[in-house]
Amino acid sequence: MERRTIGAAGLAVGAVGLGCMPMSWGYSASQRHGDRSVRTVHAALDAGVRLLDTADMYGPFTNELLVGRAIKGRRSEAFLSTKCGLLVGDQHIVANGRPGYVRRACDASLRRLQTDVIDLYQLHRADPEVPVEETWGAMAELVTAGKVRSLGLCAVGAHAPRRSGAGPFAGTIRQLERIQQVFPVSAVQAELSVWAPEAREELLPWCAARGVGVLAAMPLGNGYLTGTLKPGQGFEPDDLRARHPRFTAEMMAANQPVVAGLRRIAERRGASVAQVALAWVLRQGPHVVPVPGAKRERWAVENAGAADVVLDDRDLAEIAGLPPARGSWD
């Protein structure tokens, strides 16, 4: 697997990153253990993982605090990515792209992460009340000030409302073309996996043509593509999958052929199902970095090993022939 760097901060590609969100937010609270999460980050770094991805909204704030504690004494080993632009309330999430807020959010993230510079600072969502150029300009000022090394944008999801006839990431590409006029984009984060491949249509080619890295979010389909989840197993009420349209018992059963196909390839390759799913993401381009979440050491180490799993044309053809994933929105 080719390994090189992209962007001003030297984003490492051709390898697997670590999404730290599940350690503090989005998944079952009963499975959150601070000390174990620190050990997981350390195990990932020991296994060669460099990209650590977090955000101020995860928790909120607690995930950055955890990552800051985990990288203390090991900062030089990590490519540190965090995000701003979303505020979490009791029952809602709102965007805030005001320049003053962006500057304050960055300073707060630096304190929580116990670092003097963020390698990649991402805009989580554009504020509909603020021109995205103004928000991006404030973020660019942080680069000039030496607080941030490079900037990234999180894509609007493929299932978000869009204009009739537009591609799934047309809105994101419009935003990218606007902010590129203000300051270079080093990376775009978007969902990309075997069961959510829509980013391949327009977004990946757009990024490849401009030397922009892609952070593949949810490359394991929120855990489904690990092959460890069973239809009807249920989720705790605070787990985001309890409300996800692909995690109803009916849809989990309907999507079993996707996992079965990955398992056949995994057995042939002497790899895990998760590693095959991640290896497929890596094959989507030398500018793509899968960022799977992990809460336990063994999963982080297993995921890192996906960079050494080589899929051939037969494997890729089998994956291409798998039925598309279904959800209750279909």
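Give me the percent of the accessible area of the range 160-300 that comes from carbon and sulfur atoms, probe 1.4 Å, all protein chains in place.
Answer for the range 160-300 is 50 percent, counting heavy atoms of protein chains only.
Name the most mobile residue of Leu65, Leu123, Leu153, meaning the one with the largest mean-square fluctuation, in a Gaussian network model of the chain with Cα contacts below 10 Å.
Most flexible of the set in this elastic network: Leu65.
Calculate for the chain the 222 nm mean residue ellipticity that helices alone would give, adding -39,500 (n - 2.57) per DSSP H run of length 4 or more and normalising by residue count, nearest 500 deg cm²/dmol.
That calculation yields -10000 deg cm²/dmol at 222 nm.
Can you give the accessible area of Asp116 in Å² (nearest 10), computed on protein heavy atoms with a 1.4 Å probe?
120
Under a 5 Å amide H to amide H cut-off, with H placed in plane at 1.01 Å, what residues pair with Glu191 once short-range neighbours are removed?
Ala217
Please state, to two decimals, what the Cα-based radius of gyration of the range 187-330 comes to when divided by 2.2 N^0.38 Å (N = residues).
Cα Rg divided by the expected 2.2 N^0.38 Å: 1.02.
Top mean-square fluctuation among Thr135, Thr248, Thr144, Gaussian network model of the chain, C-alpha springs under 10 Å?
Greatest mean-square fluctuation among the candidates belongs to Thr144.
Over the range 72-187, what is the percentage of antiparallel beta bridges among all DSSP beta bridges, to the nearest 5?
In the range 72-187, DSSP labels about 25 percent of beta bridges as antiparallel.
Hey, what did the chain get for relative contact order, percent, Cα under 8 Å, at least 6 apart?
This gives 22 percent for the chain.
Using Cα pairs under 8 angstrom and six or more residues apart, how large is the relative contact order of the range 267-330, in percent?
Numbers: 33 pairs, mean separation 24.6, N = 64.
It rounds to 38 percent for the range 267-330.
Please list Ser150, Ser328 in order of solvent-accessible area, largest first, computed with a 1.4 Å probe with all protein chains present.
Reading off the accessible areas and sorting them downward yields Ser328, Ser150.
For the chain, what does the accessible surface come to per residue with a 1.4 Å probe? Please give it in Å².
Averaged over the residues of the chain, the accessible area is 42 Å².
Which value, in Å² rounded to 10, gives the accessible area of Glu129 with a 1.4 Å probe and all protein chains present?
The accessible area of Glu129 comes to roughly 150 Å².
The values are calculated or read from the model by the stated rules, or taken from the named source; none is laboratory data. Quantities reported herein were computed from a predicted structural model and do not represent experimental measurements. Heads up: the accessible areas ignore ligands, DNA and RNA and are worked out on the full protein's heavy atoms, side chains in. Shrake-Rupley method; radii C 1.70, N 1.55, O 1.52, S 1.80 Å.
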